[in-house]
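Coordinate-derived values only; no laboratory data. For clarity, every value in this text was computed on a predicted model and none was experimentally measured. Virtual Cβ from ideal backbone geometry, glycine too; neighbours counted across all protein chains shown.
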Amino acid sequence: MTRTLPDVTTVALAITDGMLHFELSLAMEVFGSDLTHLVEPWYDFALCGPSPVRVDRFRLDPDHGLDHLRRADTVIVPGWADVDRDPPAELVDAVRAAHEAGARVASLCTGAFVLAAAGLLDGRRATTHWAHTEELTRRHPRVTVDPDVLYVDNGSVLTSAGKAAAMDLCLHLVRLDHGSAVANTIARRLVVPPHRDGGQAQFVTTPVPTPGNHPLARLFPWVLQRLDQALTVEDLARQAGMSSRHLGRHFRSVTGTTPLQWLLTQRIRHAQELLESTDDTVDTIATATGMGTATTLRRHFARAVGVPPDTYRRTFRTRARSGPAPT
């Protein structure tokens with residue numbers, strides 16, 4: 001039986017020889033750091049694997065053996081370096097046993113090959129680094145591989161694309177467990193985007209946007225300061241000084257989505273923060289986020305987040321307030 005959110009406190013990182021150190025380091029930075037000043041309790045983190053483990057030029061001494069994965073609430077499998085050969089059977093068996101024991105299992109980058117070998121992705125949608133999606137499809141035809149997204153959340157089984165998308169999935173897990181305020185604070189600490197939706201495209205033809213180097217750099221903060229207003233695509237295009245058609249192309253290039261979908265996502269994110277940090281009514285939050293009415297907010301919120309606003313507030317607000325979060 002899958003554990004419920006209040007019980008998700010232990011995170012185990014499954015490691016063996018041949019893991020990719022970048023994705024492994026991301027997971028250790030997010031879940032292995034002492035962040036009890038943000039929320040208490042934070043995760044009880046453990047490295048699990050045969051001892052010792054060689055990761056590139058580094059040696060790691062696990063805290064526990066792979067059999068300890070069955071005791072974890074969340075198991076994370078970093079990227080697997082040599083996708084041309086099968087991952088170690090002991091790792092595959094341990095990951096499968098952990099999931100059967102009720103653990104939430106997440107793979108980063110090519111760690112999806114481990115989950116696929118364990119049968120956890122059969123009949124499910126999944127992703128991995130775009131360079132290896134065809135190989136994952138070929139070797140595991142029962143998996144529906146999506147090459148165009150940052151990560152896929154199937155509830156108890158999650159997969160991410162490569163490199164930076166691994167951080168997106170790690171922050172997504174924190175957001176599920178502790179709310180968006182805590183996840184956003186961690187993102188600021190790590191100087192990474194606080195939220196990129198899992199459906200965003202893996203491959204973007206332009207460089208990662210930084211202030212001033214893309215056509216929408218000034219538009220984004222302008223919009224975020226006016227989320228309480230009924231903005232249209234024409235309003236955004238006028239502010240950006242371009243046609244609606246050009247605006248749509250730039251949005252797709254920079255964000256991987258449409259202007260209206262991006263705007264709706266920002267409204268939902270703002271609603272989450274207000275639900276966590278204020279006692280405002282749903283009607284008041286609907287007005288503050290530009291949703292108009294509580295009915296509209298509830299409909300879009302439940303569709304995007306998976307639970308109604310009131311349920312979200314009960315689940316996350318207490319945790320978000322349990323520790324100071326720098327602005």
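Charge dipole (Cα centre; +1 on Lys/Arg Cβ, -1 on Asp/Glu Cβ; no other charges) of the chain amounts to roughly 1000 debye.
Counting every alpha-carbon pair across the range 5-184, the share separated by more than 19 Å comes to 52%. With Cα atoms defining each centre, the range 18-44 and the range 124-191 are spaced 16 Å apart in the structure. Of the residues 244, 28, 39, the one whose Cα sits farthest toward the positive end of the charge dipole of the chain, with +1 on the Cβ of Lys and Arg and -1 on the Cβ of Asp and Glu, is 244.
Sorting 60-67, 282-289 by their mean Cβ neighbour count within 10 Å, with the most densely packed peptide first, gives 282-289, 60-67. Put a dot 7 Å past the Cα of residue 29, heading toward its Cβ, do the same for residue 71, and the two dots end up 2.9 nm apart. Using +1 at the C-beta of Lys and Arg and -1 at the C-beta of Asp and Glu, which of 158, 66, 15 has the Cα lying farthest in the positive direction of the dipole of the range 5-184? Projecting each Cα onto the dipole axis, the largest value belongs to 158.
At full extension, residue 245 and residue 154 could sit 29.3 nm farther apart than now, given 0.36 nm per residue minus the alpha carbon distance. In degrees between 0 and 90, to the nearest 10, how far off the longest principal axis of the chain does helix 21-31 point, with axes built from Cα atoms? For helix 21-31, the angle is close to 70 degrees. Computed from Cα atoms, the angle from the helix 89-100 axis to the main principal axis of the chain rounds to 50 degrees.
Most simply put, the chain has about 30% antiparallel DSSP beta bridges, counting only bridges with both residues inside it. A Förster radius of 35 Å, combined with the Cβ-Cβ distance separating residue 218 from residue 191, puts the computed FRET efficiency at roughly 0.95.
Using the Cβ of residue 287 as centre and a radius below 12 Å, the other residues enclosed give a net charge of -2, where K and R count +1 and D and E count -1. Multiplying the residue separation of residue 279 and residue 21 by 0.36 nm and subtracting their alpha-carbon distance yields 88.6 nm.
Principal-axis analysis of the Cα atoms of the chain puts helix 244-255 at an angle of about 30° to the longest axis.
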